[in-house]
Structures are given as structure tokens and as C-alpha cells.
């Protein structure tokens, strides 16, 4: 329990005073840092520790469009944001809060919620960095989807406006109510994102079918286990995305899963121990993580029950060099601790482990997951998506940063929306130039 003497009204006034040092207009700043690496220099440096045979695939995915380049270049934006104005208020960041890193997933009770769903880059840092990355990503997603400039900028400004409104609303709620608020379909009306009702419903319907049983039906075959005499499933190769591993690797992953159980919250350890490992395969992961080691483990449960876990390498966060952060004791634990702090509901089987000296996170591979692709939305829907994502990001930040402080900094001023909207357009232009330079031989 807190024992300090600072009142809530004093926290609010404290936030207001920060505006004198860093006014809202200060967030409309240059996009590129003078000492930033080039796009190609960044790409080469960020390949350190990745599997060499997957570098070309990573390059291919980042070449697809400016938006996909942006999604694979969180560290490059970190270099650009280093030293830019910020209020001095620190939150636990997503670290890569672009528009495609918000998605649907299931709670332990099977309820579909939407929240930030990628925490590989999570670190403590200026809340502005997450919000600026979200705003810039909306402009890029809109351009990819063929939306005009006014619509792209409106989506970015509305994300900032929604962030401010949500912070102010949460600052007035009882602590327990704001902390436990689940971002289910009701968040659409609260975020003034009613145009997304159908998109959310469609994505939720698909998410309800997206579980381990579906993965097993699509990716495995049934075989007889000679040792036990029992039938079991085995992954079917689908190169280059899904490939078998040798026995030594499979044994190392299995050993890592044994030690992973101890990192689960105590009430869930017995649950995890009831499953037995049937197979392990290597699976290539998304744009920003291509080249990192990632495995899927197939486990058998009760009768015909199957569970698929993802065992994914945890790399050093891309923003760490620009925030003067000490090295994490374990990068997997850093990710898990960050997710548990920020998400409304985390995967009950989320944990971490070490395999051959390399840190990993472990989570359910398909946990009723779904998404709304921001690059495929119509103009009015992108605007609503910006408001929804801004609200979700605000709720996430208030888990670690007192909303009264931020509410004071925002006061009633809307200048921040325009300032960050202008920056978002400028940074999208910078990203398009980076992508063009990256595309040249």
C-alpha cells in the first residue's frame, strides 16, 4: 500500500506543471535524428543473433511495403525518438505499438477481448514513444489501403484524441474498476468506434475457431508411437514456414519446457504438468521477428485433447540502446513481466525458459486469436480503428503510470492531437523514403 502524502489533486497539478516545460506543440518535431543509421545499416545491425538462412526472408517481408518496413524497424524509430521532447513521465511501453500489434484473443473464461498483443519490445520509457508509433503506423496503414491523406491524418489525430479522453476518463474511475476493465466489444462505443462493430464481430467469430484443435487439424498427421503403442499427432512439414527439427533440438526444447513450468503462476503449474510432449517443429514467425528461433510444441492432454505452445526466442529490446536501460537478467522474463503488467488478461500459460543458453518465452500458440487488419479498412473505419487503438493504449499505460498525472498534462487542450498528427504524417514520409532506399540494389 502506498504511504506517500501526495494527494490525487496534487498529482493532477504536478502533471499540469509539466506542460510549462514540454508544451503539446513540442511533439510536432522533426522525424529523423541527425545521427540515425541508414535503412540498410539498421537492417544489417538488427540481424545480429538471427539465423543467417532466414535473413533473405526477413528482407523480403520488409520490402513488401512501407508499412511492413515500418513494422520491422522499431529500433530505427527508437533512434529517431531518442532525445526528442517528452514530458518525463514513464510508462511500461509496448515498445512496438504499431496498429497491427493490437488484436483479439480469448480470456481464460473464453471471452473475446482486444488489446495490445505483442510485447517482444516492452520496456519502461516515455509514453509518447508508443503513441507516436501508433499514430505514424495509422498513416502508413491508411496509405497502403488507398485512403486519402486527410483520412490518414484524421485517423492519427483521432488515436491521440482517444488516448487523451480515455486517460481522463480512467483518472476519474475507482482504482479497482479502471484496473479490471476488460476491453471487450463494449470498448467500441466507449472509444466512439461504432463503425467497427461489424469488423469486430467478424474477427471475434474467426477468433473463437482459432485454437489448438484447428492447428492440429491443419498442420499435423496421426501416427502410431512405437514406444508407447499409442496414436499421436506429428507436425507435417510446410517449408519454409514449418519444418521438422533433429532429435537433439527436440530434446533441448522439451527440457526447456520442463523448466518453464516453474515460471508460471503457482496455480497453473499443475495444469501444465498434466500434458505430455508429442512433437516439436520449427516455425518462422512474423515480420519483426523473422530470423529468431521459434518452435511449436505439440502436447497431448486428456483423451483427444491437444495443446500447441509457441517457444520463441526473446531478443534484446530494440529501444534499450536509446533509453539507457540496464541489461535484463532474462529477456524472456522481461517480456512476460511486461505483458502481465500491461495486458488486461494475459495467457494463463505465459512463461519463460532458457534453451542452450538462449532466452525464450512460452505461450499458447493459438489462444482464440484474431485481428482486424488496419491496412484493409475503409476511411471511416480506419478513423474508428485509430480511436479504438488509442483507447486501448491509454488503458495499457495506466497500469504503470498514474492516470491523474497524465490527465493533468493533457488538461483540456487538443493541441496534442494536431501536433502528433503532423509528426505522424512527417514520420510516414520518412518511412517511405527509408523503404525506397532499402529497396534499391
Among 289, 414, 137, which one moves the most in a GNM of the chain with springs linking Cα atoms closer than 10 Å? 414
Given 10 Å bins starting at zero, what is the percent of C-alpha pairs of segment 286-439 in each, up to the one with the largest pair distance? 8, 23, 33, 27, 7, 1
Over the alpha-carbon set of segment 140-236, work out the extent along each principal axis and list the three values in angstrom, largest first. 62, 42, 20
For the pair residue 376 and residue 21, how long in nm is the line joining their label points, each one 7 Å along Cα→Cβ? 4.6 nm
Taking Cα atoms only, helix 331-342 is inclined relative to the longest principal axis of the chain by an angle, in degrees rounded to 10, of 60 degrees
Report relative contact order for the chain in percent, whole number only (criteria: Cα-Cα under 8 Å, sequence separation at least 6). 31 percent
Return the distance in nm (one decimal) between the two label points of a simple spin-label model at residue 64 and residue 197, each offset 7 Å from Cα along Cα→Cβ. 3.2 nm
If the elastic network links every pair of Cα atoms under 10 Å, which of 117, 101, 302 fluctuates the most in the Gaussian network model of the chain? 302
Where does the chain land at 222 nm, in deg cm²/dmol rounded to the nearest 500, when only DSSP H runs of n ≥ 4 count, each adding -39500 (n - 2.57), divided by all residues? -14500 deg cm²/dmol
So, by mean Cβ neighbours within 10 angstrom, what's the order for 52-61, 87-96 with the highest one leading? 87-96, 52-61
Helix 149-171 versus the longest principal axis of the chain: what angle, 0 to 90°, nearest 10, using Cα atoms? 90 degrees
Rank by packing, highest mean first: peptides 157-170, 346-359, with packing defined as the count of other Cβ atoms within 10 Å averaged across residues. 157-170, 346-359
For segment 16-58 and segment 274-296, what is the separation of their Cα centres, given in Å? 28 Å
Using packing as a proxy for protection, rank 291-301, 35-45 so that the peptide with the highest average count of other Cβ atoms within 10 Å comes first. 291-301, 35-45
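Please compute one quarter of the surface area of the Cα convex hull for segment 215-344 and express it in square nanometres.
One quarter of the hull surface, i.e. the mean projection, equals 10.1 nm².
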Alpha-carbon centroid distance for the pair segment 192-263 / segment 77-99, whole angstrom: 34 Å
Run the quick spin-label model on residue 38 and residue 304: label points 7 Å from Cα toward the beta carbon, then report their separation in nm to one decimal. 5.8 nm
Could you give the distance between the Cα centres of segment 372-441 and segment 306-361, to the whole Å? 25 Å
In nm, what is the difference between 0.36 nm times the number of residues separating residue 245 and residue 8 and their Cα-Cα distance? 79.7 nm
Given 10 Å bins starting at zero, what is the percent of C-alpha pairs of segment 1-86 in each, up to the one with the largest pair distance? 14, 30, 21, 17, 15, 3
Which semi-axis lengths, in whole Å and largest first, follow from the square roots of five times the eigenvalues of the Cα gyration tensor of the chain? 37, 25, 21
Note the angle between two axes, namely the Cα long axis of helix 247-260 and the longest principal axis of the Cα atoms of the chain, as a number of degrees from 0 to 90, rounded to the nearest 10. 60 degrees
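Any read-out appearing in this document is the output of simple, stated calculations on the displayed coordinates, not a laboratory observation. These figures come from a predicted structure and were not determined experimentally. Because the Cβ atoms are built from the backbone with ideal geometry, glycine has one as well, and the counts that use them run over all protein chains shown.
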